[in-house]
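Let me begin by presenting the structure, written as structure tokens, before commenting on it.
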Amino acid sequence: MEPITLYKGRAAVLDRKNVDTDQIIPKQFLKRIERSGFGEFLFYNWRFDETGKERPDFELNQPDNQNKSILIAGENFGCGSSREHAPWSLKDYGFDIIVAPSFADIFKSNCMKNGMVPIALTPDEVKHLMEASSAPDYELTIDLPNQTVKDDQGFEASFEIHPYWKEMLVKGWDEISITLQYDKEISAYESQTQVSI
């Protein structure tokens with residue numbers, strides 16, 4: 001995974017509460033086993049009508065919300081069933097950071113396992129960012145080591161993240177990478193251990 005330290009990007013706004021994982025990636029698209037290729041199905045039932053045409057009134061279909069890498073959403077984002085496909089689809093679509101007042105716990109964990117940063121701010125802070133993001137070229141800076149979100153207009157907020165996940169994201173590690181940090185110790189143990197059959 002790519003390390004995330006000082007991250008700059010523009011934000012798309014999805015001002016909806018209780019967005020569940022079936023809305024993020026509907027169940028009919030869960031048959032694939034690869035982690036890639038899910039972005040085209042993100043928010044499928046909201047993005048497209050019954051004929052497969054884009055719904056022009058959906059937030060992410062609007063021209064101002066194209067090619068943005070930060071998603072600002074309402075509270076309890078990622079609720080519902082546990083499916084790792086939800087962060088896969090968000091990541092594949094282009095989002096690296098999600099800002100919301102709160103997240104479902106399993107979804108939040110799945111995001112961090114897949115190299116995404118879920119940032120919980122207060123409702124007032126999220127509302128401010130939603131309003132500010134409507135301005136052209138509005139950009140946010142996420143400083144993960146210092147756990148802050150800033151813009152160039154004076155806004156600054158801090159957020160909490162568990163030290164374990166912070167180190168993983170800053171170093172670009174996944175859980176296999178952590179195991180590989182102990183490769184020498186594992187090899188030494190294996191060389192000393194006799195396996196009897």
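The values are calculated or read from the model by the stated rules, or taken from the named source; none is laboratory data. Predicted model, so just to flag it, every value in this text is computed and none were measured. Note that we place each Cβ from the backbone using ideal geometry, even for glycine, and neighbour counts take in every protein chain shown. For the accessible areas, the whole protein counts, side chains as well, though only heavy atoms, and no ligand, DNA or RNA atoms are used. Shrake-Rupley method; radii C 1.70, N 1.55, O 1.52, S 1.80 Å.
Numbers for the structure displayed
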| read-out | value |
| --- | --- |
| Shape category assigned to region 1-118 from the gyration tensor of Cα positions, a/c cut at 1.5 | rounded |
| Candidate lysines - alpha carbon under 17 Å from residue 17, same-chain residues fewer than 8 apart omitted | 108, 127 |
| Beta bridges by DSSP in the chain, antiparallel share as percent, to the nearest 5 | 45 percent |
| Estimated [θ] at 222 nm from DSSP helical runs (n ≥ 4, -39500 (n - 2.57)) normalised by residues in the chain, nearest 500 | -8000 deg cm²/dmol |
| Estimated vicinal HN-Hα couplings, Hz - region 26-39 in sequence order (Karplus 6.51, -1.76, 1.60; Gly, Pro = x) | x, 4, 5, 9, 8, 7, 6, 10, 6, 8, 9, x, 8, x |
| Inter-label distance, nm, simple model (7 Å from Cα along the C-beta direction), residue 81/residue 137 | 4.5 nm |
| Cα long-axis angle, helix 183-192 against the chain (0 to 90 degrees, to the nearest 10) | 30 degrees |
| Within the accessible area of region 1-122 (1.4 Å probe), percent carbon and sulfur | 46 percent |
| Accessible area of the chain divided out per residue, in Å², using a probe of 1.4 angstrom | 57 Å² |
| Part-to-part distance (alpha-carbon centres) for region 45-87 and region 117-174, which is given in Å | 20 Å |
| Semi-axis lengths (Å, descending) of the ellipsoid that matches the C-alpha gyration tensor of the chain | 33, 23, 13 |
| Gyration tensor (alpha-carbon) shape descriptor, region 88-128, a/c threshold 1.5 | oblate |
| Proximal charge balance of residue 120 [Cβ under 10 Å; K/R count +1, D/E count -1] | -2 |
| Region 61-104 shape via C-alpha gyration tensor axes, a/c threshold 1.5 | oblate |
| Gain upon complete extension [residue 20, residue 162; 0.36 nm per residue less C-alpha separation] | 48.8 nm |
